[in-house]
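To start, the structure under review is shown below, and the notes come after it.
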Amino acid sequence: MTAAINPQDAWKQMAGVAAAELIKDGMVVGLGTGSTASFFVQALGLRIQQGLQIVGAVSSSQVTQTLAASLGIPLTDLDTHPELDMYVDGADEIDPKLCLIKGAGGALLREKIVASAAKRFVVVADPTKRVEQLGHHYPLPVEVVPLAITPVSRKIAQLGARVKLRQTGATPFITDNHNFILDCTFPQGISNPAELDAQLHRIVGLVETGLFINMASQAILGGPDGVQVFQ
Ligand code: 5RP
C-alpha cells in the first residue's frame, strides 16, 4: 500500500515531475536541496532508469548527493563540468520578478554556486511560496564564518533585522561548508533585494546570502489546478 501524501507535498511532486520532463539526453544537471527538489531528483532517477542518458549531475548538498547516488543518477562535479545545462531547485519565497529567498534547508551557499554555473535555473515549488514582496513569511538566511558570528550579527542588526543563530537543539546548525547560519527577519519585508544583498555582501565574514536575484529563469508551480509555469 502506498502512503497518501498531503496536498502540499502532492503539489511539490507535480512541480518536480514537470521539471524532470525538461531534462534531455546529454545534459549536465544541477540538483537542488529540500523536499521539492527531492521530488525532482526522484523523478529524474526514474527517467534515468527508463533510459534517459544525462552526462552527469552536480549536487548542491550532501543530502541530495546521497539521494541521487541511491537512485543511480550519475554524479559529477564543477571541476569536471564547470557549466551546467540546467539547475532545478526549490525556494522559500518567490517574488513576481522570480527573485528568491532560499536556504531554509541550510544549503544556500552550494545552491548558489551550482545555480550560478547553470545556463538555466528552474525553480520548483507549490503556490504557498509565491509572495508579492520577499521577507514576510521566511527570515532571510545568511551563511557566516563561525569566527565572525558576533560582529556579523551586530552589523546585520544595524541594517534593521532581528537576527537569530540557527540551532539544532542547543548547538549551532553547521552547514556542509562548516559555517553557521543566521536567520534574519526584516520586519518591514525586503523592498529592495538587490540593495540589501549588496549591503550584506559588504560585511566581512558573511559568506553568502539566501537572496537569489536575477538567477531563476522559470518557476514551475504544482497546485490544485495543475502545473503552472511563470517566467
Ligand atoms: C534549501 C532550500 C530549499 O530549496 C528551500 O528551503 C525549499 O525547500 P522545500 O522544497 O522543502 O520547501 O533553499 O537550502
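None of the figures in this text is laboratory data; all of them are computed from the coordinates on show. Worth saying up front: this structure is predicted, and the values here are computed from it rather than measured. Ideal geometry is used to build each Cβ from the backbone, glycine not excepted, and the neighbour counts take in all protein chains shown.
Per 0.36 nm of contour for each residue apart, how much would the distance between S217 and T76 grow if the chain were fully extended, relative to their Cα-Cα spacing? Could the numbers behind the result be given before it?
Values: separation 141, 0.36 × 141 = 50.76 nm, distance 2.33 nm.
Difference between extended and current length: 48.4 nm.
Mean sequence separation of contacting Cα pairs (under 8 Å, at least six apart), scaled by the length of the chain, corresponds to a relative contact order of 23 percent. The DSSP beta bridges internal to the chain are antiparallel in roughly 60% of cases.
Dividing the summed -39500 (n - 2.57) terms of all DSSP H runs of n ≥ 4 by the residue count of the chain sets its mean residue ellipticity at 222 nm at -8500 deg cm²/dmol.
For region 71-186, the number of Lys pairs with C-alpha atoms closer than 20 Å, counting only pairs eight or more positions apart or on separate chains, is 9.
Ranked from highest to lowest mean number of other Cβ atoms within 10 Å per residue, what is the order of the peptides 42-53, 199-210, 165-176?
Numbers: 42-53: 15.8, 199-210: 18.5, 165-176: 12.9.
Result, highest mean first: 199-210, 42-53, 165-176.
Take the alpha carbon atoms of region 161-176, find their center, do the same for region 110-126, and report the distance between the two centers in whole angstrom. Taking the Cα centre of each part, region 161-176 and region 110-126 sit 24 Å apart. Close amide-amide hydrogen proximity is noted between G103 and D92, each under 5 Å apart and 5 or more residues distant or on a separate chain (H modeled in the peptide plane; Pro and chain starts excluded). Rounded, prolate or oblate, given the Cα gyration tensor of the chain, with a/c below 1.5 counting as rounded? Prolate, since a/c reaches 1.5 and a/b exceeds b/c.
Label reach from F173 (point 7 Å along Cα→C-beta): in region 136-155, amide nitrogens under 11 Å belong to 139-143. For the chain, complete DSSP H runs whose alpha carbons reach 18 Å or more along their own long axis and whose mean Kyte-Doolittle score is 0.5 or higher are 35-49.
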